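*Asks:* Shown below is the structure under consideration.
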Amino acid sequence: MKRYILVFVCFLLMFSVLFSEDVKGSELETSSTRWGDDIRIAEWDSVNAVVFDVDYSTGNLFAALNSTYGGTGVLTVHISVDTGKTWSQITAVGWDADDIDAAVFKDYFYVAHVTGSAVFIGRYNTSDGTADNSYGYRLVFNEGVSVREIALASTEDFSPPTRLYCFAITDDDSLRCYWSDTAVTSWTTVEPGVDNTSRGLDACCNEGYSSEEVWCSYINTNNRAFAGSVGATFTSYGPLDDEPTTGKTSIGAYNDIIMVLYSYLGGDLYYSVRSCTSYNGGLNWFPEGSVFDSTITTETYGVSDITARKGEGFGAVSPSRDGCFYRHRGYPSGAWSPATLFSEHDANPWIKPSIERVAENSYGIIYVDDSTQGAWFDISEWPEPGVEGKSWEKIFLSATPSLFTSRTSIEYTLGTKQNISLDVYDVLGNHIVTLASGEIPAGNYSAVWDGKDGLGNPVSSGMYFCVLETNATGNISTRITLIK
């Protein structure tokens, strides 16, 4: 069956069903065999913040928890060397941290925390988790204004990685951004900053789109969701929705597709998680309705997290007192999978969970339970020991030229034997023509599209997507434009 690729690139669609609060495919699935037992990361309770990241070079997983013990704040760092089945505590530091975040960057797991107006950062070796004691905890910045929230984002997914970023919202309603090079010994301010920001900060790398290599999301003082990108300067986009939002956002990006999730309080006093997506690097944004809402769970406050790493789609998670829920959507677009209730515990609906791609088609999630406020880990599919899915690195697709008048050559490379389908779709997801299909050995291939549909009729000028679907990796696509 053909997979319809829904890519919205026209302003007219902003007035269509994308504004609907109805959830497409909102059926609920209970935890299936893909989800295993929830793993307690540590015996710490009263956890108020969790952060999760993956070092793909070693396969090691890292977590940072911010807890309260005996009235004192404790920041702990943990490592798993077996894809999350067991966890070991690396360190516990008695910081009364107002906020924390962390990111893998250049052989280290960096952990940052806020104390008043100061932001400090420490690091741990990704090879074995040992603390870099010679590095210690260093000052990122102190502008003399209390810091409300921070968010780290690294270019770890680029080759080579070059920068680690720190975003912050301060009590003067400013969004600040700083970056450091691979040494992470000094920090440079990104200009211009943004005024009238309030809360809900998140940040991510934008693998494959180096002109805007990191993105952030936030809520301004008028309760509207915004996104921002960092290239040569900081660029702000928004508001993303005409409706006011509440306290949280999350953002995921891959290549020129960026998705922001944000909380929304409806007129009947229920919370939901909405999405807004750009399919062209931030130029146009399309509100796409609810991802999690009261049709899925009644005990949620619109908290969520999202990831789009490695181009395997968007994985999203939202906690509630009914449990923690997961959904996935393909790249570049498509329908969300049914919401899966995977957790074995009720989740704290106020504490943001953390989701990352662990291995091929596997998403790990850390959440906080609602009773003890302990931190738990689960994964959508446990990888085989020592196996990191790399087939995504062996699948390539391009079009030459991408802007054409009569014909274009579609080049693709398969690293292993695959069952494939190479198809062209228009921007509304309508299938135009199949260029190749069947079981094909590893190698380099090309197909020619002459601007005609499957019946040999010329199609109109406009933007189209050539989509390569394989049995191992799902689909990847490239954009082409026909001009007559």
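*Asks:* For the stretch 311-318, what does the Karplus curve 6.51 cos²θ - 1.76 cosθ + 1.60, with θ = phi - 60°, yield as ³J(HN,Hα) per residue in whole Hz, taken in order and with x for Gly and Pro?
*Replies:* For the stretch 311-318, the Karplus-derived couplings read x, 8, x, 10, x, 10, 9, 9 Hz, x marking Gly and Pro.
*Asks:* Rounded to a whole number of µm²/s, how large is the Stokes-Einstein D of the chain at 37 °C and 0.692 mPa s, given Rh as the Kirkwood radius over C-alpha pairs? Intermediate values should be presented prior to the final figure.
*Replies:* On the way: Rh = 23.0 Å.
Using the Kirkwood radius from Cα pairs, D works out to 143 µm²/s.
*Asks:* In addition: In the chain, with Lys and Arg counted as +1 and Asp and Glu as -1 at Cβ, which of these residues, Thr221, Ser186, Leu139, has the Cα nearest the positive end of the dipole, that is, farthest along it?
*Replies:* Ser186
*Asks:* Assigning unit charges at the beta carbon (Lys, Arg +1; Asp, Glu -1) and nothing else, what dipole magnitude in debye, to the nearest 20, does the stretch 114-157 show about its Cα centre? Kindly include the intermediate steps, with their values, before the conclusion.
*Replies:* Working: 3 positive and 6 negative charges, 43 e Å.
Rounded to the nearest 20 debye, it is 200 debye.
*Asks:* Taking amide hydrogens as modeled 1.01 Å from N in the peptide plane, which residues meet the under 5 Å criterion relative to Thr245, leaving out close sequence neighbours?
*Replies:* Arg224, Ala225
*Asks:* With the crude spin-label approximation of a point 7 Å out along Cα→Cβ, what separation in nm comes out for Glu299 versus Arg138?
*Replies:* It is 4.5 nm.
*Asks:* Still on this model: Between Tyr331, Thr295, Phe120, whose Cα lies farthest towards the positive end of the dipole of the chain when Lys and Arg beta carbons carry +1 and Asp and Glu beta carbons carry -1, centred on the Cα centre?
*Replies:* Sorting the options by dipole projection puts first Tyr331.
*Asks:* Name the chymotrypsin sites (Phe, Trp or Tyr not before Pro) in the stretch 257-325 that are in a loop by DSSP and that have at most 11 other C-beta atoms within 10 Å, would you? All intermediate terms of the calculation are to be shown ahead of the outcome.
*Replies:* Working: sites: Tyr262, Tyr264, Tyr270, Tyr271, Tyr279, Trp285, Phe292, Tyr301, Phe314, Phe325; in loops: Tyr270, Tyr279, Trp285, Tyr301.
The qualifying sites: there are none.
*Asks:* Starting at the first residue of the stretch 162-172, write each ³J(HN,Hα) from the Karplus equation 6.51 cos²θ - 1.76 cosθ + 1.60 with θ = phi - 60°, in whole Hz, x for Gly and Pro.
*Replies:* 10, 9, 10, 10, 10, 9, 8, 10, 10, 5, 8
*Asks:* Compute the relative contact order of the chain as a whole-number percentage, counting only Cα pairs closer than 8 Å that sit 6 or more residues apart in sequence. If you can, show how the numbers build up before the last one.
*Replies:* Details: 1383 pairs, mean separation 62.4, N = 484.
Here the relative contact order equals 13 percent.
*Asks:* Then there's this: How high is the relative contact order of the stretch 310-435, in percent, with contacts defined as C-alpha pairs under 8 Å that are six or more residues apart? Provide the component values of the computation, followed by the final result.
*Replies:* On the way: 220 pairs, mean separation 18.4, N = 126.
Reported as a whole number, the value is 15 percent.
*Asks:* For Ala42, list long-range residues whose amide hydrogen, built 1.01 Å from N in the peptide plane, is under 5 Å from its own amide hydrogen.
*Replies:* Placed amide hydrogens put Ala375 under 5 Å from Ala42.
*Asks:* Right, here's the next one. Enter the accessible area per residue of the chain (Å², integer; probe 1.4 Å; all protein chains in place).
*Replies:* Details: 18820 Å² over 484 residues.
Ligands and nucleic acids excluded, the result is 39 Å² per residue.
*Asks:* With +1 assigned to the C-beta of every Lys and Arg and -1 to the C-beta of every Asp and Glu, and no other charges, what is the dipole magnitude of the chain about the Cα centre in debye, to the nearest 20? Write out the running numbers ahead of the final one.
*Replies:* Details: 30 positive and 61 negative charges, 272 e Å.
About 1300 debye.
*Asks:* Please state the relative contact order of the stretch 168-303 as a whole percent: Cα pairs under 8 Å, 6+ residues apart? Write down the numbers at each step before the final one.
*Replies:* Numbers: 341 pairs, mean separation 21.4, N = 136.
Result for the stretch 168-303 is 16 percent.
*Asks:* Here's another thing I want to ask about it. How do 219-228, 443-452, 350-359 rank on mean C-beta neighbours within 10 Å, highest first?
*Replies:* Numbers: 219-228: 20.6, 443-452: 14.2, 350-359: 22.2.
Taking the mean over residues of other Cβ atoms within 10 Å, the ranking is 350-359, 219-228, 443-452.
*Asks:* Might you report the magnitude of the Cβ-based charge dipole of the stretch 320-387 about its Cα centre, with Lys and Arg at +1 and Asp and Glu at -1, to the nearest 20 debye?
*Replies:* Values: 5 positive and 10 negative charges, 71 e Å.
That gives the stretch 320-387 a dipole magnitude of about 340 debye.
*Asks:* Kindly write out, for the stretch 137-154 in residue order, the coupling ³J(HN,Hα) from the Karplus curve 6.51 cos²θ - 1.76 cosθ + 1.60 (θ = phi - 60°), rounded to whole Hz, with x marking Gly and Pro.
*Replies:* 10, 10, 6, 7, 6, 8, 8, x, 10, 4, 9, 7, 8, 10, 8, 9, 8, 10
*Asks:* How large a share of the accessible area of the stretch 225-304, in percent, is made up of carbon and sulfur atoms when the probe is 1.4 Å and the other protein chains stay in place?
*Replies:* Values: 1120 of 2360 Å².
Heavy-atom surface of the stretch 225-304 belonging to carbon and sulfur, 1.4 Å probe: 48 percent.
The values are calculated or read from the model by the stated rules, or taken from the named source; none is laboratory data. Bear in mind the structure is a predicted one, so any value in this text is a computation, not a measurement. Cβ coordinates were reconstructed from backbone atoms using ideal geometry, including for glycine residues, and neighbour counts include every protein chain displayed. Heads up: the accessible areas ignore ligands, DNA and RNA and are worked out on the full protein's heavy atoms, side chains in. Shrake-Rupley method; radii C 1.70, N 1.55, O 1.52, S 1.80 Å.
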